[in-house]
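Just below is one structure, and these are the notes that go with it.
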Ligand SMILES: Nc1ncnc2c1ncn2[C@@H]1O[C@H](COP(=O)(O)OP(=O)(O)OP(=O)(O)O)[C@@H](O)[C@H]1O
Ligand SMILES: [Mg+2]
């Protein structure tokens, strides 16, 4: 008897009969037979950690399940161009800007819109074209000097015009970083050094720029971009981050406006979402029915993150039904699940305020705010015709669900928690689907 059966005064067998307690198979004298019985009664891992299927269960459904996790990767950017859907226009524009116009580029857009995926794909293409690609993600603690020391550290001295390829320094594997003086490096020193670059081109990609410290770091970046453009060096910088507009992301824009191209990553079109699902479907072997694809496109509103998340959950739902055709009902189930997952990540405070605004009868206003935020990189900017939203905003601001953005008090807002607009939107569609309230749904859109 163990502690649980002692406490309940029942034998393990009796408890097991009731389905309340499972004796660990390892202590079980009857061995394999019991384990086989347990496997039928409980969920189990279907794919080995080595990515192989369990012996004897490698049927079509399990192969599809094993491939599904790579077919849709909602929590990771796409870096394999074969899985990169749509985006032809912006990719072409970006390559032209780098190659033909030799401009520095600022890519901006809302969270989950596909900025990093675009950067990964462009990095791969530049690498194929023999560029030296330096990809860095910014963070709150980013130091301008350390970052550029490390970038210069990935450029071999071989590409410095002042060095002869046969010199000993080159053979000993030294890099451009070795030419910096000790201490903090300045934009001026970096552009001086990069001006000596020859026989190659360097592409510096700074992702998550919105997370970089504002102030000195961003000021130095602007200064560097200006210096590099003035000297027409063989180095180009692509900066990317979450923002509703260019100046939100790069401070001191007026001084570098002529030297940069701003590219906003737009929401995907329904065709592009269809392509995303088509690529995933071809890779895992599941078929997605047309009305299921339409529903994913509709709910996602062109956000690839949501499209990828729903497609993956819907695929799992179909496989759980032992089916290889993903139906609209699987997407509806996936939406339910994704909404709940998103809700669990929100703070109690946000959930309480959402409830309070609902109770005030202002649910439609809240959905309208979420919809606005989702299509304007999180920012809510109202015009005079949207006065009916003011009361919901006031409650949201008082309780800390919303906060003002920028200096102009009372003009622009955002949800304090990033996940709130996605949650509100998914919850709304989810409930509309369950209640068949499609007219209300179409109206709010
Ligand atoms: N062109 C695409 N084709 C297929 N899937 C895509 C594409 N773009 C983005 N995705 C998917 O959408 C999700 C979000 O993409 P990504 O991480 O690139 O967005 P992001 O804008 O960088 O997000 P964040 O603002 O959180 O950094 C990922 O799961 C990625 O797999
Ligand atoms: Mg990203």
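Structure data summary
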| read-out | value |
| --- | --- |
| Length added when fully stretched, residue 129-residue 211, from 0.36 nm per residue minus Cα-Cα | 26.5 nm |
| Intensity falloff of segment 133-229 expressed as log10 I(q)/I(0), Debye formula with alpha-carbon point scatterers, at q = 0.14, 0.20, 0.22, 0.25 Å⁻¹ | -0.53, -1.01, -1.19, -1.44 |
| Hydrodynamic radius of segment 299-351 per Kirkwood, over alpha carbon pairs, in Å | 11.7 Å |
| Calculated SAXS-style log₁₀ I(q)/I(0) at q = 0.14 Å⁻¹ - segment 215-340, Debye, Cα scatterers | -0.68 |
| Sequence of 325, 147, 221 once ranked by neighbouring C-beta atoms within 10 Å, starting from the fewest | 325, 147, 221 |
| Relative exposure of 405, 273, 121, 296, judged by other C-beta atoms within 10 Å (fewest first) | 405, 121, 296, 273 |
| Residue 172/residue 145 FRET efficiency (R0 25 Å; Cβ-Cβ; nearest 0.05) | 0.55 |
| Additional length obtainable on full extension of the chain from residue 99 to residue 388, 0.36 nm per residue less Cα span | 99.2 nm |
| Label-point separation, residue 397 to residue 434 (7 Å along Cα→Cβ), nm | 3.3 nm |
| Estimated FRET transfer efficiency when R0 is 41 angstrom, pair residue 198-residue 381 (beta carbons, to 0.05) | 0.30 |
| Linear extension gain, residue 164 paired with residue 41, 0.36 nm per residue minus alpha-carbon span | 37.1 nm |
| Ranked 290, 207, criterion: other C-beta atoms within 10 Å, fewest first | 290, 207 |
| Largest to smallest principal axis extent of the C-alpha atoms in segment 87-264, angstrom | 49, 34, 26 |
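Readers should treat all values here as calculations from the given coordinates under stated rules, not as data from a laboratory. Values in this document were obtained by computation on a predicted structure and should not be read as measured data. Cβ: placed from backbone, ideal geometry, glycine included. Neighbour counts: every protein chain shown.
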